[in-house]
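Peer 1: Quick one: this structure, given as structure tokens, is what I'll be asking you about.
The values are calculated or read from the model by the stated rules, or taken from the named source; none is laboratory data. Model, not experiment: these values are computed from the prediction. A quick note on method: Cβ atoms are made from the backbone with ideal geometry, for glycine too, and the neighbour counts reach across all protein chains shown.
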Amino acid sequence: MSRARDTDTEKQTSSGPGLSLLVIEDDPVGSLSVPQMLDSAGKPIRVRTARNLTEAERLLTDDVHCILLDLTLAVPAASPEEEEDELATLKHVLRLAPRHAVLALTASGDTEGGAEAVRVGAQDYLFRDELDGRLLSRAIRYAVERKRADAAQRQLTESRLRAQENARLERGLLPTPLLDGSPLRFASRYRPGRSRALLGGDFYDTVRTPDGSVHVMIGDVCGHGPDEAALGVELRIAWRTLTFAGLCGDELLSTLQKVLEHERADDEIFATLCTVDIAPDGRRAGLCLAGHPSPLIARDGRLAELLPYENNGPALGLLPGARWPRRQVELGGKWSLMLYTDGLIEGRIGEGNQRLGQDGMVEMVRRQIAAGLRGDELLEAAVNEVRELNGGDLTDDVAVLLLDRDV
């Protein structure tokens, strides 16, 4: 029973016309007598009677709360298997009325048959010769409440299962860095802006190609919903595939733009991207920016600073036929390279409208490095401080990753 139907039932039983019972029985001698009954609010329980299942289907409207079913009633046009099944009628009614409470009416003393009816799906059973008003009205109220409780529990279980399945799916979609054979160390932090989500519109990846080069990228699809998260996963997988195929720089980004244009929900969707390809010796790299913030580098013996970001290209999906120049940068011997999405720099500082910005982030990271933080500890401290400065959870997705070279 849906929550909307539960609410409707509550209204009807508290301030509406009261409970309604549909009796389904074929009693040619008229021995079955349904007494007058009152619900918990003292209102009469309305009774309808159907002589067969065809008539019951016509009378089974939304204002019926409970069904009293004679288990001896025959199923119309029953198959040989149904004719041998003593509970075929009950099963037929349960399929016909999956949201209604059902009371099974059995022969006097047939406890075994009643228990089997409950096992199949009825909320309770009654003996045919014990139908006094007090017992039946109480059984109806109990059946309705039990059906409501069962439906609520089923919805809760289904919700939990869906949440677990979504969590497993999202965890499976997060990347596993492929850096076997590389001396570089990798660390990352990821916090989606959507409540209770594991995956947002930010995406990243890191792979080492057979020539010894290490390729790293980070990107951000505009928006924060599940569609943006799905598009981010598609772009990440496409980037990894194209990188292993040998594409780099402008050729790779142009192909990714085609992927985005074909996969996005509408023409307003775009994605920013930063790619870095590090030479096998680890001392040089190529940098491409598609409307994305420039990475931060901390070289041995020097203050952390942003890599050059002049002459970068537009975000993917904004300009057909755009170009993305690849800039060569010197990394040096020992260094740490931090890539991030704008969620890390667009949080507020205090109660005003001022944002942390790239300059504020650089100063923050410099201070944390000076305090001796490295790797995972540095990223954790950076994300936590940004959150604290914002005065609570950030509304935007945040992805940040770190590559360290200590040799």
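Peer 1: What's the number of the only condition in (1) closer than 30 Å to ASP266 by Cα; (2) of a type in the set (Val, Ile, Thr); (3) over 37 Å from the mean Cα position of the chain (by Cα) that VAL329 fails to meet?
Peer 2: The number of the failed condition is (1).
Peer 1: Same structure, new question: As an exercise: evaluate ARG191 against (1) in contact (Cβ under 8 Å) with a residue 24 or more places away in the chain; (2) surrounded by fewer than 22 Cβ atoms within 10 Å (Cβ to Cβ); (3) more than 20 Å from the chain's Cα centre (by Cα) and give the number of the one condition it does not meet.
Peer 2: (3)
Peer 1: I'd like to check something: does segment 26-43 contain any residue that is at pLDDT below 90, in contact with an Asp or Glu (Cβ under 9 Å, 6 or more places away or on another chain) and buried (at least 18 other Cβ atoms within 10 Å of the Cβ)?
Peer 2: No, the conditions are met nowhere in segment 26-43.
Peer 1: If I ask for residues that are touching a residue at least 24 places away in the same chain (Cβ under 8 Å) and either hydrophobic (A, V, I, L, M, F, W, C) or surrounded by fewer than 21 Cβ atoms within 10 Å (Cβ to Cβ) (or both), which ones from segment 209-222 would you list?
Peer 2: Within segment 209-222, THR209, ASP211, GLY212, SER213, VAL214, VAL216, MET217, ILE218, VAL221, CYS222 meet the criteria.
Peer 1: Which of the residues belonging to segment 206-237 are outside any strand (DSSP E or B) and of a type in the set (S, T, N, Q)?
Peer 2: THR209, SER213
Peer 1: Given segment 56-170, what helices (runs of 4 or more DSSP H) lie entirely inside it while holding 2 or more residues that are free of Cβ contacts under 8 Å to residues at least 12 places away in the same chain?
Peer 2: The qualifying helices (runs of 4 or more DSSP H) are 80-84, 111-120.
Peer 1: Just one of the numbered conditions (1) at negative phi; (2) within 47 Å of the chain's Cα centre (by Cα) is not true of GLY121; which one?
Peer 2: In the conditions (1) at negative phi; (2) within 47 Å of the chain's Cα centre (by Cα), GLY121 misses (1) alone.
Peer 1: Here is a list of conditions, (1) touching a residue at least 12 places away in the same chain (Cβ under 8 Å); (2) among the aliphatic types (A, V, I, L, M); (3) more than 30 Å from GLY372 (Cβ to Cβ), and ALA245 meets all of them except one; can you say which number that is?
Peer 2: So ALA245 meets the others, but not (1).
Peer 1: OK, next. Would you mind telling me which numbered condition in (1) in contact with a Lys or Arg (Cβ under 7 Å, 6 or more places away or on another chain); (2) closer than 28 Å to ALA229 by Cα; (3) modelled with pLDDT of 95 or more LEU402 fails?
Peer 2: (1)
Peer 1: Another question, if that's okay. For segment 323-361: of the residues being of a type in the set (Val, Ile, Thr) and out of contact with any helix residue (DSSP H, G or I) (no Cβ under 7 Å at 6 or more places or on another chain), which is surrounded by the most Cβ atoms within 10 Å (Cβ to Cβ)?
Peer 2: Within segment 323-361, the match that is surrounded by the most Cβ atoms within 10 Å (Cβ to Cβ) is THR341.
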